[in-house]
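Note sheet for the following structure.
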Amino acid sequence: MKKHGYWRLKVGTPDDRAPHKEGNFPTATGKCMFMVEGAKNFVAPPFRQMYEAFQPGEDLDPLPDYMPARESHTADPELARRFPLNIVSPKSHAFLNSCYANMKDKQQVQGEQFVLISQADADARGILDGDRVKVMNDRGAFKGVARISDDVRNGIVVATLGYWRQLNDGTVNSISSPKFGDMGHSPTFSDNLVEVARAN
C-alpha cells in the first residue's frame, strides 16, 4: 500500500472482479445514483434470518445525508449538562448478545459487569479503579466495576452488552434509548448520554 498507493484484492476472475467498470448498475438509469427517488426503508432479509414481515417501509430521503447523534453536547446541551458522558456498548466477548450469560463458565470468562472510564473522568468523580459504580440517566441505571483505562477517551465510558438483569444490578440496556436509527431501524445503543458515580 505504501509503495503503490493501492492493492488489488485477489477475488473473482478478470471478467467479474469489477462488475460495474462500465456501469450496468441495477438502477433505472443503469448508473450509480446518488439521488434515489422512491427508496423505502427496509432491512435486508439476511440480517433478519430471512424474515421479511414487519418491514418499516417508510419513504427515505432521496439524497443520503449525515445524521448527527441525538444525544450529544451539541444536539442537547441541557441533557449533556446533567449527563456529560457518552456511553459505547459493544458486544461482550464471552456472551452472544444475552445468550449464554447465565452459564457459569461463560461468566467466568467474561467476568463481572465493568465500566471502562478514563483517568480524568474517574478523578473528577472520585472514582478509583475497582470501585463499584452506578451508570445512570433518565431512562434507568445499572451498576458495574470501574476499570480506569487509557483505552477510552475523556468524555466516553464503555460497558458491554449481554449481562442478564436478574443476575446483575441492571444492565447497560437500562440506560439505552428505544429510538431507531434512520435506515433499517438500527438500534441506537451507542447514542446515549449518562453520568457515572460511585455506588453506595
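The values are calculated or read from the model by the stated rules, or taken from the named source; none is laboratory data. Worth saying up front: this structure is predicted, and the values here are computed from it rather than measured. Note that each Cβ is placed from the backbone with ideal geometry, even for glycine, and that neighbours are counted across all protein chains shown.
Here are the numbers for this structure:
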{"item": "Meets criteria (in contact with an Asp or Glu (Cβ under 7 Å, 6 or more places away or on another chain), without any contact (Cβ under 8 Å) to a residue 40 or more places away in the chain and assigned by TED's automatic domain parsing to the domain that holds Val157) for Val145", "result": "yes"}
{"item": "Positions within segment 121-137 being surrounded by fewer than 13 Cβ atoms within 10 Å (Cβ to Cβ) and in contact (Cβ under 8 Å) with a residue 24 or more places away in the chain, in sequence order", "result": "Gly126"}
{"item": "Criterion violated by Lys2 - all others in (1) in a loop (DSSP other than H, G, I, E, B); (2) in contact (Cβ under 8 Å) with a residue 12 or more places away in the chain; (3) not acidic (Asp, Glu) satisfied", "result": "(2)"}
{"item": "Scan of segment 49-105 for residues that are of a type in the set (Asp, Glu) and loosely packed, with under 12 Cβ neighbours inside 10 Å, ordered by number", "result": "Glu52, Glu58, Asp59, Asp65, Glu78, Asp105"}
{"item": "Residue count, segment 107-128 (criterion: among the basic types (Lys, Arg) and over 17 Å from Gly144 (Cβ atoms))", "result": "0"}
{"item": "Candidate set from segment 97-108 (those that are of a type in the set (A, V, I, L, M, F, W, C) and under 10 Å from Tyr163 (Cα atoms)); member that is modelled with the lowest pLDDT", "result": "Cys99"}
{"item": "Residue match in segment 43-65 (condition: out of contact with any Cys (no Cβ under 8 Å at 6 or more places or on another chain) and closer than 30 Å to Gly155 by Cα)", "result": "yes"}
{"item": "Selected residue (only one of Gly162, Gly181, Gly111 is surrounded by 19 or more Cβ atoms within 10 Å (Cβ to Cβ), at pLDDT below 95 and of a type outside the set (A, V, I, L, M, F, W, C))", "result": "Gly162"}
{"item": "All strands (runs of 3 or more DSSP E) inside segment 119-194 with 2 or more residues being more than 25 Å from Ala75 (Cβ to Cβ) and either touching a helix residue (DSSP H, G or I) at 6+ places or on another chain (Cβ under 7 Å) or basic (Lys, Arg) (or both)", "result": "140-148"}
